[in-house]
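Here is the structure we will look at, set down as structure tokens.
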Amino acid sequence: MEQIKHTHVEVRGLKLHVAEIGSGPKVVLFLHGFPEIWYSWRHQMIAVANAGYRAIAIDFRGYGLSERPPEPEKGTFMDLVDDVVGLLNALGISKVFLVGKDLGAIPANMLSVIHPDRLYGLVTLGVPFILPGPASLPTDLMPKGFYVTRWEVKMHKLFNEKNHNHIHSTNYL
């Protein structure tokens, strides 16, 4: 793990923490879940680098060693998509294999729809293909008690009761 290099890259006014290993011509970019950081991907990064790829994992804005935006409550999944595109641009990377887990699966899915030209392929774990919006989770297709549906219901309750606001599924913590 000591071969993994750590840097900060300025993207859209914030310094994002970037962990990287490998030097292959193709890149695999890993997006972490909630409440995780790049470290969740450390073993996969080493395996991918050993297979001849450049492996990169980031800490999303406000997570781990990345800077927190000044008004995190106004953040959306689109901010995460724009951060990923900004990071790719800053690193001079035109296309990636994108791997998203849990929370990271949502901006990964969005990026595949909005910027399909930036991807060689997409892998998501823990969350089916969904895009943010009203009734975005197909609860009738998910197993009873699926943790993501419980989390969304709890977040709606929390924000509606405590802040007297309606939370949109595009907000993130």
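The values are calculated or read from the model by the stated rules, or taken from the named source; none is laboratory data. Since this is a predicted model, take the numbers as computed values, not measurements. In this analysis, Cβ positions are derived from the backbone assuming ideal geometry, glycine residues included, and neighbour counts consider all displayed protein chains. The area values use the complete protein model at the heavy-atom level, side chains included, leaving out ligands, DNA and RNA. Shrake-Rupley method; radii C 1.70, N 1.55, O 1.52, S 1.80 Å.
Return the residues of the stretch 22-37 that are open to solvent by less than 20 Å² (accessible area, probe 1.4 Å) and either assigned to a strand (DSSP E or B) or without any contact (Cβ under 8 Å) to a residue 60 or more places away in the chain (or both); say none if nothing qualifies.
Within the stretch 22-37, G24, V27, V28, L29, F30, L31 meet the criteria.
Could you list, in sequence order, all residues of the stretch 57-72 that are among the aliphatic types (A, V, I, L, M) and under 12 Å from the mean Cα position of the chain (by Cα)?
Within the stretch 57-72, A57, I58 meet the criteria.
Of the residues R61, R42, R12, the single one that is of a type in the set (K, R) and crowded, with 18+ Cβ neighbours inside 10 Å is R61.
Can you work out which of the residues in the stretch 65-86 that are β-branched (V, I, T) and assigned to a helix (DSSP H, G or I) is surrounded by the most Cβ atoms within 10 Å (Cβ to Cβ)? My answer is V84.
Across the stretch 96-129, what is the total count of residues that are assigned to a loop (DSSP other than H, G, I, E, B), on the phi < 0 side of the Ramachandran plot and either in contact with a Lys or Arg (Cβ under 6 Å, 6 or more places away or on another chain) or surrounded by fewer than 14 Cβ atoms within 10 Å (Cβ to Cβ) (or both)?
Number of matching residues: 2.
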